[in-house]
């Protein structure tokens, strides 16, 4: 009877995980690059010298760019090749976290970790993104494991593992590495200092010194970018009241609540003592969440820089999984964990299909389709193209005339090439255009040209209306999710 009760949720789990894996981890990878991924390609589009120079003016991770450039020498620069390293890193993070928690919390927890990772729209998105965020998740997980090992036994090997994983995290994404503060706070809180020897204290000081040394090159690079002679402008304005979703993602909280209530109804929720392993996992998870969310929220509120975004809070996802598994270790047995994971996966699938349909996309934009329509319209005649690129790092009016930035500002055209020259439209903030639209139109003179802009039903582009007032009615070349392409004949 017990074996049958385990086989039922296990069968359901395997089926749901297979569906989620295809929907979230395979199908969206067929989509074209979006603007930030095209910016990644820009950093590696030249050579090693170009990578060094471009990452000196753009805060894209230099260590990630070097790894990706080396990888593309072997695998090419297709969308699949650019995304595959992130895909492997995200799956590696899930596997490492599964191994770690199984050794601490016992059997059954592996399915919870696998399901929580595989069905997460956020983790799968970063796993199919040609950007460094999946590697940041991986290094968060590895640093969590290393920190736990340091707590169990302070020796040079465990300390070195933490320094290496934490240093890689800092160099991959400095903002995400704020989660390391939670690890250090948890370590200081959980260790009985009365048992610490001078050797252990020296070891902890060595860990901090090693992390500082590993972080120094990245700190110097970012300081030159953000506060140098041509400083970068961060997006301004943040309201914590309206930005709480990244801290309490409904893709985690909602399905977990549904699964917990279902276990109560099925009478599979049993209270058991919380052993030392589960307490340590729970504390480490809570410390990670608080550090990742609290420090970023405090910095955003103090400076007005909008860092309170999902991509900067990805460290909370491993933290959530730690907390979830620790609570399951207390409240369920092996069979109950299987049922929890099965219901959790089912609830997530139902919500995803409801909001996204059966075939979710990787990103809203479709530069591949838009640029193809422009090439067809050009018919080899090389007409100029005006491109609303989005300017990833904020409002960079000064870079429009800076040759170092010219290709970055038109990054989609760098990857999805067309026949003619490309010009970046000024950054758009609401219905107000920054100065420069007329200057861009003067560059194309009296020739025919195309324009690709962001547009949606609830957010129509005002660029085309402004251009049409100066150059006459446009010809719609096609709509591609959140992109529209237009052709303009000579006046």
Gyration tensor (Cα) of the chain, equivalent ellipsoid semi-axes in angstrom: 44, 28, 19
Rounded to the nearest 0.05, what FRET efficiency do residue 334 and residue 489 have when you use their Cβ-Cβ distance and R0 = 60 Å? 0.30
Roughly what angle does helix 198-227 make with the longest principal axis of the chain, taking Cα atoms, 0 to 90 degrees, to the nearest 10? 10
Points 7 angstrom from Cα along the Cβ direction at residue 376 and residue 298: gap in nanometres? 5.5
How do 201-209, 109-117, 248-256 rank on mean C-beta neighbours within 10 Å, highest first? 109-117, 248-256, 201-209
For the range 52-80 versus the range 121-172, the gap between their alpha-carbon centres in whole angstrom: 20
Just for the chain, what percent of DSSP beta bridges are antiparallel, to the closest 5? 70
The chain, relative contact order in percent, only Cα pairs under 8 angstrom and at least six apart counted: 18
From the helices alone, meaning DSSP H stretches of at least four residues, give me the mean residue ellipticity at 222 nm for the chain, per-run term -39500 (n - 2.57), in deg cm²/dmol to the nearest 500. -20000 deg cm²/dmol
With Cα atoms, 0 to 90° folded angle of helix 334-356 axis to the chain main axis: 20
Given an 8 Å cut-off on Cα distances and at least 6 residues of separation, report the relative contact order of the range 47-123 as a percent. 17
Roughly speaking, what is the stretch gain from residue 244 to residue 49, that is 0.36 nm per residue apart minus the C-alpha to C-alpha distance, in nm to one decimal? 66.1 nm
Taking the Cβ of each residue in 190, 98 as the centre, tally the other Cβ atoms inside 10 Å and list the residues starting with the fewest. 190, 98
As a footprinting exposure proxy, order 327, 386 by other Cβ within 10 Å, with the fewest listed first. 327, 386
For the pair residue 192 and residue 361, what calculated FRET efficiency results from E = 1/(1 + (r/R0)^6), where r is the Cβ-Cβ distance and R0 = 41 Å, to the nearest 0.05? 0.20
How far is helix 156-172 tilted, in degrees, relative to the longest principal axis of the Cα atoms in the chain, given as a value from 0 to 90 rounded to the nearest 10? 20
Multiply the residue gap between residue 439 and residue 274 by 0.36 nm, knock off their C-alpha separation, and tell me the result in nm, one decimal place. 52.7 nm
Determine the shape class of the range 121-231: with a ≥ b ≥ c the square roots of the Cα gyration tensor eigenvalues, call it rounded for a/c under 1.5, and otherwise prolate if a/b is greater than b/c, oblate otherwise. oblate
Taking 0.36 nm per residue of sequence separation and subtracting the Cα-Cα distance, how much length would be gained by fully extending the chain between residue 465 and residue 253, in nm to one decimal? 72.1 nm
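The numbers here are math on the coordinates, done by the rules we state, and not lab data. These numbers were taken from a predicted model, which means no experiment stands behind them. Please note: Cβ atoms are built from the backbone with ideal geometry, for glycine as well, and neighbour counts cover all protein chains shown.
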